[in-house]
Amino acid sequence: MSGAGLGKGDELLKVENVSLRFGGVKAITDVSFDIRKGEIRAIIGPNGAGKTSMLNCINGFYHPQEGAITYKGIKRGRMRPYVAASQGIARTFQNVALFKGMTTLDNIMVGRTLKMSSPFFWQLWRHGPAMREEVEHRRFVEEIIDFLEIEHIRKVPVGKLPYGLQKRVELGRALAMQPELLLLDEPMAGMNLEEKEDMCRFILDVSSQYGTTIALIEHDIGVVMDLSDRVVVLEYGRKIADGTPDVVKADQKVIDAYLGVGH
Amino acid sequence: MLYNIFIDPFVQMAQMPDLLVQTLWEGLVAGVLYALIALGFVLIFKASGVFNFAQGIMVVFAGLTLVGLYEKLSPSTGQGLGAFLALVLTIGVMFVLAWTIERVVLRPLVNQPDIILFMATFGITFFLIGFGESIFGGSPKKMITEQLLLPTGAIDLNILGGRVIIQKLDIAAAVIAGLMVAGLALFFQYTRIGRALRAVADSHKAALSVGISLNQIWVIVWFTAGIVALVTGIMWGARSDVSFGLSVIALKALPVLILGGFTSVPGAIVGGLIIGIGEKMGEFYWGPLVGGGIESWLAYIIALAFLLFRPQGLFGDKIIERI
């Protein structure tokens, strides 16, 4: 799937002057930035800066009161999450949202839902087109399982897995959607060093092998600086910096936000 | 006393095998009907994590709609055609009902706690009672069994030195229920929509994020539950009459669900059979010891025992909770 003739480096998603309020609480105030095709874009900031709210706006869970989001050159109206999914936006969640009673394999298969289209009638009988389709998607899912090195837990209900592996399965489910834009909400939260290194490797591989555009929220600044092409920094719902890791690292406002500043 | 409880019933069973077979068969049939009701609950519970209190009234509503439409249609179309036209129209009505419930009740309550959705199904129950009564009236109606070409009458078997009577309708009920359960179990386990249903049951937001439309899934599952309710309504209605009192049998589904597991389609049928057979056997062989009436409470005692020792039921998904 190539995004409507977009080349690497073209603007895939543009957020313009977006504001989001919950009653009187301002979660996001007048934030603008863009995500270019093929890049790894990090969104960082202290707790409560509005990072997750931003992702929720992008994939349609929240609807900002002001501002516009343009995806693949088309300004979006109020949309539902499954519409965002059908347009090629996949995501993972801060505190893992998996189908806990289902196996790893089934969880990732669910990610293929949108790619399956055999008619209801055939599905009932598990014959003909439905069966062929099932086999074909199963093959794709097995590739992802190989890629993420989780063969050994294929048939384990994910509720039983340790946290680090659950995060990996969740990434697998998002990858199964063959997304154009992958949103990762703290993919490394709660992981030990080894797991973090694995996850970094997977994210870089996804980017280079599949050319997927990635937007990620992460607290580990070291990881962010290593992984990302460009970083946007939020604080109290406002954008305070935007640029390459080196630029952002040297920005006085960012240093103040992270280290605190005497008033 | 001990002799009466532990030995005498089994002696009776051995001495009069024909009575044993008759009791088992009646238990089996009651069990199939319990299983049908439980099935409606399981479907909705699986897909939305909601215990649908309205399932019992949906059974009544489907039955009343069928008979009511038949009464309106049959004078002009004749009996045979009228019955099947009414059946098709009732299926249509169940679809409209599912669609309306999704639109008016479920959609505004997405991401709310389960208890809120549970309370909403109470609302649906009372609405359907009022709506049904205002349209079809409150008096019991007779199910159109023959017109739907369901077999009537009984088979007399002379076996085991006695006589066993088997209603043909009961055989039909068992076959239909069996087919329906087998179909649904396969459907849930192996198809895309079945997987999507299970996914929605586990996590709404994750399901949304992979592109599953909750609205579509809910319409499908409430419609399926509506069809199950219709079949149940026909089968129960053929044995007694169709009246609002019938909705009380929905409560019998509770012990069945606890036994079989709230999330298991095969569990619903096995649970139903155990409760049905247990009840009839208990009533016939042990009932006289306590002056009868075991049938009305034995199921709940069995359920209580299960809650204590195996809360997820026989086939339910294991409750996995990481701390």
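Of the residues in the range B:159-174, none is within 14 Å of chain A (Cβ to nearest Cβ), assigned to a helix (DSSP H, G or I) and surrounded by fewer than 19 Cβ atoms within 10 Å (Cβ to Cβ). Screening residue B:11 with (1) without any contact (Cβ under 8 Å) to a residue 12 or more places away in the chain; (2) in contact with a Gly (Cβ under 8 Å, 6 or more places away or on another chain) gives one miss only, at (2). If we scan the range B:201-216, do we find a residue that is facing chain A (nearest Cβ under 7 Å), in contact (Cβ under 8 Å) with a residue 40 or more places away in the chain and under 25 Å from the mean Cα position of the chain (by Cα)? No, the range B:201-216 has no match at all.
Quick grid of which residues meet (1) under 11 Å from the mean Cα position of the chain (by Cα); (2) surrounded by fewer than 24 Cβ atoms within 10 Å (Cβ to Cβ):
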| position | (1), (2) |
| --- | --- |
| B:9 | no, yes |
| B:13 | no, yes |
| B:21 | no, yes |
| B:30 | yes, yes |
| B:35 | yes, no |
| B:49 | no, yes |
| B:56 | yes, no |
| B:63 | no, no |
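Scanning the range B:162-195 for residues that are in contact (Cβ under 8 Å) with a residue 40 or more places away in the chain and touching an Asp or Glu at 6+ places or on another chain (Cβ under 7 Å) yields a total of 4.
If you check residue A:175 against the conditions, is it at pLDDT 90 or above, crowded, with 22+ Cβ neighbours inside 10 Å and not in a helix (DSSP H, G or I)? No; evaluated as a whole, the condition is false for this residue.
Taking (1) closer than 16 Å to residue B:25 by Cα; (2) within 14 Å of chain A (Cβ to nearest Cβ) in turn, residue B:198 satisfies each apart from (1). Got at least one residue in the range B:206-213 being touching a helix residue (DSSP H, G or I) at 6+ places or on another chain (Cβ under 8 Å), among the aliphatic types (A, V, I, L, M), surrounded by 17 or more Cβ atoms within 10 Å (Cβ to Cβ) and not in a helix (DSSP H, G or I)? Taking every residue of the range B:206-213 in turn, at least one turns out to be touching a helix residue (DSSP H, G or I) at 6+ places or on another chain (Cβ under 8 Å), among the aliphatic types (A, V, I, L, M), surrounded by 17 or more Cβ atoms within 10 Å (Cβ to Cβ) and not in a helix (DSSP H, G or I). When the range A:58-78 is filtered for residues that are within 14 Å of chain B (Cβ to nearest Cβ) and either in contact with a Cys (Cβ under 6 Å, 6 or more places away or on another chain) or within 22 Å of residue A:216 (Cβ to Cβ) (or both), the ones remaining, listed by number, are A:58, A:59, A:60, A:61, A:62. In summary, strands (runs of 3 or more DSSP E) completely within the range A:1-101 and bearing 1 or more residues that are surrounded by fewer than 20 Cβ atoms within 10 Å (Cβ to Cβ) occur at A:11-22, A:25-36, A:66-71.
Each row is one residue, and each column tells you yes or no for (1) more than 11 Å from every other protein chain (Cβ to nearest Cβ); (2) at pLDDT 90 or above; (3) over 25 Å from residue A:84 (Cα atoms); (4) touching a helix residue (DSSP H, G or I) at 6+ places or on another chain (Cβ under 8 Å).
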| residue | (1), (2), (3), (4) |
| --- | --- |
| A:136 | yes, no, no, no |
| A:140 | yes, no, no, yes |
| A:145 | yes, yes, no, yes |
| A:154 | yes, no, yes, yes |
| A:160 | no, no, yes, no |
| A:163 | no, no, yes, no |
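Screening A:215, A:174, A:241 for residues that are more than 18 Å from residue B:209 (Cβ to Cβ) and among the small types (Gly, Ala, Ser) leaves exactly one candidate, A:241.
The values are calculated or read from the model by the stated rules, or taken from the named source; none is laboratory data. Bear in mind that the values here come from a model prediction, so they are computed numbers and not experimental data. Quick reminder, even Gly has a Cβ in these numbers, built from the backbone with ideal geometry, and neighbours come from all protein chains shown.
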